[in-house]
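Written below as C-alpha cells is the structure these notes are about.
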Amino acid sequence: MFIGHFAVAFASKKVAPKASLGTLVIAAAFLDVLWPVLVLLGIERFRIVPGYTAINPFDFVYYPWSHSLLMTGVWALLFAIVYQTVGGDRAGAVWVGIAVASHWVLDCVTHRPDLPFYPGGGERLGLGLWQSIPATFAVEGLMFAAGIAIYMRATSSKDRIGTIAWWAMIALLLVLYIPGPWAPPPPSENAVAVMGIVALAIFGPWAYWIDRHRVSAS
C-alpha cells in the first residue's frame, strides 16, 4: 500500500493525540523506511518486472529483516519503547507500535505471496489485492478518505498554515498515487530505494510541520 499507510497515520491521531502526526507517519511507514536502506546496502533484494502486478512492477525477492512478521513485531516494540522513553506517553506508545505493525497487515492484503513469517522461513503470505487496479483503488481510496475524516475530526487548525499545509500534502499524495499503475517502470532498483528514502524525508518533516499548526479538537 501507499496512501493506505498514511490513512493509518491520520486516523491514529484520534487515539494518540499527544503523538505528532510526523511520528505517526514515520511509524506507519517505518518498514518502508528500513527497506530501501537495506536494499542499498545489499542486504535485501527486489526486482523490477514490468506487469508483475497491475499496480506496480516490483517482485520482492528477499526482505525478511524489514518485512517479515516476526521482525515487524520487533520493530513495532522497539519503536514504541523509544517513543515512550523520549516522550513519556505510555498510551501513545501503544498506538505508535500498532501503527508500525499495521504496515505488515496492509502489505499482506496487497502483495502477492512474498511476505515471510520470519527470517529464513520458506512460507510466504499475501492476498494479492495489487492484481486488481479497481479493487486496490477502492480499498485504499476508502481508507484514505476515512483517515482524512478522522484526522479532521480529531484536530483543528491553529492558523492558515495548518489548513494549507495539510491539504497540500493530501493533494501531493494523490498526485503521486493515482498515476502509479500507468507510469513507466523505474530505471533501476537503486533508484526506487533512493526515491523511497527521499519521499519519507519529505513527508515526515512535512507532517511534523503540519502538527505544529494544528491542535487536538478535544
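Each reported figure results from applying straightforward, stated rules to the coordinates on display, with no laboratory input. Quick caveat: nothing in here was measured; it's all calculated off a predicted structure. All Cβ positions, even for glycine, are placed from backbone atoms using ideal geometry, and neighbour counts span all protein chains on display.
Some observations on this one:
- Each of residue 117 and residue 175 was given a label point 7 Å from its Cα along the Cα-to-Cβ line. The distance between the two points is 4.5 nm.
- Measuring between their Cα centroids, the stretch 158-202 and the stretch 64-104 lie 24 Å from each other.
- In order along the stretch 22-33, phi translates into HN-Hα couplings of x, 4, 5, 5, 5, 4, 5, 9, 4, 4, 7, 7 Hz, rounded to whole numbers, per the Karplus curve 6.51 cos²θ - 1.76 cosθ + 1.60 with θ = phi - 60° and x for Gly and Pro.
- Packing around the peptides 183-191, 195-203, taken as the average count of other Cβ atoms within 10 Å per residue, puts them in this order, highest first: 195-203, 183-191.
- Charge tally in the Cβ shell below 15 Å around residue 169, where Lys, Arg are +1 and Asp, Glu are -1, residue 169 excluded: +3
- Computed over every Cα-Cα pair of the chain and binned at 5 Å starting from 0, the pair-distance distribution P(r) comes out as 1, 7, 14, 19, 21, 17, 11, 6, 2, 0, 0 percent.
- Relative contact order for the chain, counting Cα pairs under 8 Å that sit 6 or more residues apart, in percent: 31
- Residues 48, 210 in ascending order of nearby Cβ atoms (within 10 Å, fewest first): 48, 210.
- In sequence order, the stretch 128-136 has phi-based couplings of x, 4, 5, 6, 10, 5, x, 5, 5 Hz under the Karplus curve 6.51 cos²θ - 1.76 cosθ + 1.60, θ = phi - 60°, and Gly or Pro positions carry x.
- Of the peptides 157-164, 109-116, 49-56, the order by per-residue mean of other Cβ atoms within 10 Å, starting with the highest, comes out as 109-116, 49-56, 157-164.
- Counting Lys and Arg as +1 and Asp and Glu as -1 over every other residue whose Cβ lies under 11 Å from the Cβ of residue 66, the net charge comes to -3.
- Couplings 3J(HN,Hα) of the stretch 102-113, computed from phi: 4, 4, 5, 4, 5, 5, 4, 5, 8, 6, 5, x Hz, in residue order, whole Hz [Karplus 6.51 cos²θ - 1.76 cosθ + 1.60, θ = phi - 60°; x for Gly and Pro].
- Peptides ranked, highest mean first, by Cβ atoms within 10 Å: ranges 90-96, 147-153, 2-8: 2-8, 90-96, 147-153
- 17 Å Cα-Cα reach of residue 14 towards aspartates and glutamates, excluding residues that sit fewer than 8 places from it in its own chain: 89, 211
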